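Participant: Dropping a structure here in structure tokens format, bear with me for questions.
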Amino acid sequence: MMSEETALTGQNCIMITGGAGFIGCKLSSLLLSFGLPIVAVDNLHPQVHPGQTRPELMPDYVNLFVMDICDGESWRQVLSKWKPRILVHLAAETGTGQSLTESSRHAMVNVVGTTRMLDALLEASYRPDHVLLSSSRAVYGEGAWKDPDGEVCYPGIRGVEALEAGRWNFTNQDAREMSPLPHRAGSTVPKPTSVYGATKLAQEQILGAWCSAIGVPLSILRFQNVYGPGQSPFNAYTGIIN
């Protein structure tokens, strides 16, 4: 827990949103060498944390704030106590399939939650030294494909008929199969084919515009399928091991 003295000084820290997840917990242990207190912000959503209790893998030295990142007042309270020198933004709804039936939930957390965080930072007159966003390979959608003649295109979303027939490769106008190309951030154009992917791309663009205007360095990592110790086995919508 945070002491009253720390609360009054508005101490510099490393802040991790979504910090109670298995990535956030592991990251906390790796960031101790930076010499700054570590603050985790997380809503302990029951889909990930059924008991809604502090994760066992979270180091004792991490200051955990249980809050909704969409709540501006919660941000004001946290930022009145802590100044995020380094801000790692992991908090997100991550169910790719689930986002189709719960689009408002995904958009609210991923998009509005991000903007509420940024508004609160400016309101508190805090400018982080660096922001890191965990984005997703879902921003690429199906990505780029090459037809037999070497032409590169973006075929978009697979149709229901193709899925029911088990046809996974796209075909060109001549019905010839095309080949998928590797996703490369420097060349592959983001074209999300899921609500989740669209919200993650929106996160990238919002943070890109904000950080550029404020003069804050931004790093973006587009994760593929993440897994590891401490990952929730109860969440049916994430986790390649499950």
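Participant: Among the residues of region 48-61, is there at least one that is crowded, with 20+ Cβ neighbours inside 10 Å and either outside any loop (DSSP other than H, G, I, E, B) or among the aromatic types (F, W, Y) (or both)?
Facilitator: For region 48-61, residues crowded, with 20+ Cβ neighbours inside 10 Å and either outside any loop (DSSP other than H, G, I, E, B) or among the aromatic types (F, W, Y) (or both): absent.
Participant: Quick one: would you say V39 is part of a loop (DSSP other than H, G, I, E, B), touching a residue at least 40 places away in the same chain (Cβ under 8 Å) and crowded, with 17+ Cβ neighbours inside 10 Å?
Facilitator: no
Participant: For P155, only one of the following conditions fails: (1) surrounded by 18 or more Cβ atoms within 10 Å (Cβ to Cβ); (2) under 30 Å from G72 (Cβ atoms). What is its number?
Facilitator: Going through (1) surrounded by 18 or more Cβ atoms within 10 Å (Cβ to Cβ); (2) under 30 Å from G72 (Cβ atoms) one by one, P155 breaks only (2).
Participant: Please list, ordered by first then second residue, the pairs with beta carbon atoms under 7 Å, 6 or more apart or interchain, first in region 214-235 and over 18 Å from R54 (Cα atoms), second surrounded by 12 or more Cβ atoms within 10 Å (Cβ to Cβ) and modelled with pLDDT under 85.
Facilitator: Filtered contacts from region 214-235: Y227/G239.
Participant: Right, next: Kindly indicate whether P148 is buried (at least 19 other Cβ atoms within 10 Å of the Cβ) and in a loop (DSSP other than H, G, I, E, B).
Facilitator: no
Participant: Given the conditions (1) open to solvent by less than 50 Å² (accessible area, probe 1.4 Å); (2) among the aromatic types (F, W, Y); (3) in a loop (DSSP other than H, G, I, E, B), which single one is not true for W168?
Facilitator: All conditions pass for W168, except number (1).
Participant: Same structure, new question: Output the number of residues of region 78-101 satisfying the condition of being surrounded by 15 or more Cβ atoms within 10 Å (Cβ to Cβ) and over 17 Å from the mean Cα position of the chain (by Cα).
Facilitator: Total meeting the criteria: 7.
Participant: Got a number for residues in region 219-242 being in contact with a Ser or Thr (Cβ under 8 Å, 6 or more places away or on another chain) and at pLDDT 95 or above?
Facilitator: So the answer is 3.
Participant: Restricting region 198-230 to residues that are closer than 13 Å to V88 by Cα and in a strand (DSSP E or B), which is farthest from the chain's Cα centre (by Cα)?
Facilitator: Step by step, filter region 198-230, then rank; the result is L218.
Participant: With the requirement that a residue be surrounded by fewer than 17 Cβ atoms within 10 Å (Cβ to Cβ) and aromatic (F, W, Y), what does region 194-236 give you?
Facilitator: Scanning region 194-236 gives F223, Y227, F234.
Participant: Take R116 and tell me if it is charged (D, E, K, R), in a helix (DSSP H, G or I) and surrounded by 17 or more Cβ atoms within 10 Å (Cβ to Cβ).
Facilitator: yes
Participant: Before we move on, is R105 in a loop (DSSP other than H, G, I, E, B) and open to solvent by less than 70 Å² (accessible area, probe 1.4 Å)?
Facilitator: No: the conditions fail for R105.
Participant: Kindly list the number of the only condition in (1) part of a loop (DSSP other than H, G, I, E, B); (2) in contact (Cβ under 8 Å) with a residue 12 or more places away in the chain that fails for S125.
Facilitator: The number of the failed condition is (2).
The values are calculated or read from the model by the stated rules, or taken from the named source; none is laboratory data. Owing to the predicted nature of the structure, the values given are computational and were not obtained by experimental measurement. Neighbour counts are summed over all protein chains in view; Cβ atoms, including those assigned to glycine, are modelled from backbone coordinates with ideal geometry. Surface areas here come from the heavy atoms of the whole protein model, side chains and all, with no ligands, DNA or RNA. Shrake-Rupley method; radii C 1.70, N 1.55, O 1.52, S 1.80 Å.
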